[in-house]
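J.: Structure provided below as structure tokens; questions to follow.
The values are calculated or read from the model by the stated rules, or taken from the named source; none is laboratory data. Please read these numbers as outputs of a predicted model, since none were measured by experiment. Heads up, the Cβs are rebuilt from the backbone with ideal geometry, glycines too, and the neighbour counts pull from every protein chain shown. In case anyone asks, the SASA skips ligands and DNA or RNA and just uses the protein heavy atoms, side chains included. Shrake-Rupley method; radii C 1.70, N 1.55, O 1.52, S 1.80 Å.
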Amino acid sequence: MKQSYTIRHGALDGVEVFLAVARHRNFRRAAAELAVTPSAVSQAVRALEARIGAALFARTTRSVGLTEAGQRFLDRAGPAFEEIMAAGEVARDVGQRPTGLLRLSVPRAVVPLILEPMIASFCRTYPEIELEIAASDEMVDLAAGGFDAGVRLGQFIAPDMIAVRLTPPFSFVVVGSPDYLERHGQPEQITDLRHHACLRLRRANGAVAPWSFVDGNGAIEAVVSGPLIAHDYPTLLGAAIQGVGLAQTPRPVADGAIEQGKLKPVLEDFAGATPGVFLYHPGKRQVLPKLRAFIDHLKPADRDNG
């Protein structure tokens, strides 16, 4: 049973009906194509003509033709309507399967540790996804920046975000090269750092970060000084390996150099801990298939959802 055409209020009201009538030059055949009644088609066309302020069809008892206004409207509205329908299909496609541009905001230090090992396999597995990684240590507004998700240390993620754990908790470790420690000695207490060259990190907000420690149950922030300030951990680590001074970095960043004997950890009894690294996004309702595919590909099965 045919249904009456529902009049909607908006710029596209009746356009699909108009195009069907213009295509068939017949109200009944247009109604059959749209699965509505002929009276509903007539009603929609009349409403469109009233809104435009011009007659679009020249009607007789035997034929339906386009007026000059109708032809001009068809010339512009036909291609535009097709583009709108195509846009809807593209948007629907993105919402139903892993495809489209996936933009991530990621700290520089995380890229080689977590992302680089899986980028190639992810791109091979999901060839219809374009992966864009914006490596920056700035805290960004995901929505304002046009990002689908971000990666940050757990303590810096807002509580209203959905967080997915990527690493276990880890400590921040102070490291120095064997050559540096041989020349300057090994610090045994936090206060010993005043006699050492300490390589420091400038945060995205412009402040130079103090070094963080724990002593018993209390947290301690030590203001240190030294010859180098950098904006990322890999630069600090490289300078420490070259013997420029001591650096405090996340343990996973320094592990490789420690294992190779290029760096030695010090003050380990005072090392502070962080909850770990998490991927975060605004909410479950906004998880498109492209982001869900990335999350599933990134986190091993034994990782817990935060």
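J.: In the neighborhood of residue 210, defined by Cβ-to-Cβ distances under 11 Å, what is the net charge if each Lys or Arg adds +1 and each Asp or Glu adds -1?
T.: Values: positive: 200, 203; negative: 221.
Net charge around residue 210: +1.
J.: Farthest toward the dipole's positive end in the chain, which of 173, 134, 63, given Cβ charges of +1 (Lys, Arg) and -1 (Asp, Glu) about the Cα centre?
T.: Result: 63, furthest along the dipole toward the positive end.
J.: What accessible area per residue comes out for segment 162-283, rounded to a whole number of Å², with a 1.4 Å probe? List each step's numbers first, then the result.
T.: On the way: 5760 Å² over 122 residues.
So segment 162-283 comes to 47 Å² accessible per residue, rounded to a whole number.
J.: By the gyration tensor of its Cα atoms, with a ≥ b ≥ c the square roots of the eigenvalues, what is the shape of segment 156-306: rounded for a/c under 1.5, prolate for a/b over b/c, or oblate? Mind dumping the intermediate values first?
T.: Details: a/c = 2.25, a/b = 2.01, b/c = 1.12.
It comes out prolate by the Cα gyration axes.
J.: In addition: Can you work out the FRET efficiency for the pair residue 184 and residue 221, with r the C-beta to C-beta distance and R0 = 35 Å, to the nearest 0.05?
T.: Details: r = 23 Å, r/R0 = 0.65.
That pair, residue 184 with residue 221, gives E of 0.95.
J.: So, one more: Rg to Rh for segment 180-222: what is it, with Cα atoms only and Rh by Kirkwood?
T.: Working: Rg = 12.5 Å, Rh = 12.1 Å.
Across segment 180-222, the Cα-based Rg/Rh ratio is 1.03.
J.: Which of the helices in the chain, when you take each full DSSP H run, stretch at least 24 Å along the axis at their Cα atoms and have an average Kyte-Doolittle score of 0.5 or higher?
T.: Values: long enough: 68-96 (42 Å, -0.33).
In the chain, no H run is both long and hydrophobic enough.
J.: When the chain is fully extended, how far beyond the present Cα-Cα distance does residue 28 get from residue 82, taking 0.36 nm per residue of separation? Numbers along the way, then the final one.
T.: On the way: separation 54, 0.36 × 54 = 19.44 nm, distance 2.24 nm.
Difference between extended and current length: 17.2 nm.
J.: Dipole magnitude of the chain about its Cα centre, charges +1 at Lys/Arg Cβ and -1 at Asp/Glu Cβ only, in debye to the nearest 20? Display every interim value, and only then the final one.
T.: Details: 33 positive and 33 negative charges, 382 e Å.
The calculation lands at about 1840 debye.
J.: Can you give the FRET efficiency to the nearest 0.05 for residue 155 and residue 35, using r as the Cβ-Cβ distance and R₀ = 41 Å? Don't skip to the answer; put the middle values down first.
T.: Details: r = 57 Å, r/R0 = 1.39.
Computed FRET efficiency for residue 155 and residue 35: 0.10.
J.: For residue 135 and residue 123 in the same chain, what is the full-extension length gain: residue separation times 0.36 nm, less their Cα-Cα distance, in nm? Please report the intermediate quantities before stating the final value.
T.: On the way: separation 12, 0.36 × 12 = 4.32 nm, distance 1.79 nm.
Extending this stretch completely gives an extra 2.5 nm.
J.: Taking the Cβ-Cβ separation of residue 204 and residue 171 as r and a Förster radius of 35 Å, what is the calculated FRET efficiency to the nearest 0.05? Provide the component values of the computation, followed by the final result.
T.: Numbers: r = 22 Å, r/R0 = 0.64.
Using R0 = 35 Å, I get an efficiency of 0.95.
J.: While we're on this one: I need the shape label for the chain. Rule: rounded when a/c is under 1.5, else prolate if a/b > b/c, else oblate, with a, b, c from the alpha carbon gyration tensor. Let's see the in-between values first.
T.: Numbers: a/c = 4.11, a/b = 3.78, b/c = 1.09.
Since a/c reaches 1.5 and a/b is larger than b/c, the shape of the chain is classed as prolate.
J.: So the label point goes 7 Å from the Cα of residue 297 along Cα→C-beta, right? Which residues of segment 118-135 then have their backbone N under 14 Å from it?
T.: Once the point is set 7 Å along Cα→Cβ of residue 297, 118-133 turn out to lie under 14 Å by backbone N, inside segment 118-135.
J.: At a 1.4 Å probe, what is the % contribution of carbon and sulfur to the accessible area of the chain?
T.: Values: 8760 of 16920 Å².
About 52 percent, which is the carbon plus sulfur part of the accessible surface.
J.: How far, in nm, would the chain grow between residue 287 and residue 97 when pulled straight, counting 0.36 nm per residue and subtracting the alpha carbon separation? Mind dumping the intermediate values first?
T.: Working: separation 190, 0.36 × 190 = 68.40 nm, distance 1.15 nm.
That works out to 67.2 nm of additional length.
J.: How large is the accessible surface of residue 139 in square angstrom, using a 1.4 angstrom probe and rounding to the nearest 10?
T.: Its accessible surface works out to 100 Å², give or take rounding.
J.: Add +1 for every Lys or Arg and -1 for every Asp or Glu among the other residues with Cβ under 13 Å from the Cβ of residue 106, and state the total. Could the numbers behind the result be given before it?
T.: Working: positive: 103, 108, 152; negative: 116, 132, 137, 138, 148, 232.
It works out to a net charge of -3.
J.: Right, here's the next one. Summing Lys, Arg as +1 and Asp, Glu as -1, what charge do residues with Cβ under 14 Å from the Cβ of residue 181 carry, residue 181 excluded? If you can, show how the numbers build up before the last one.
T.: Numbers: positive: 183, 262, 264; negative: 179, 182, 188, 192, 268.
Once positives and negatives cancel, what remains is -2.
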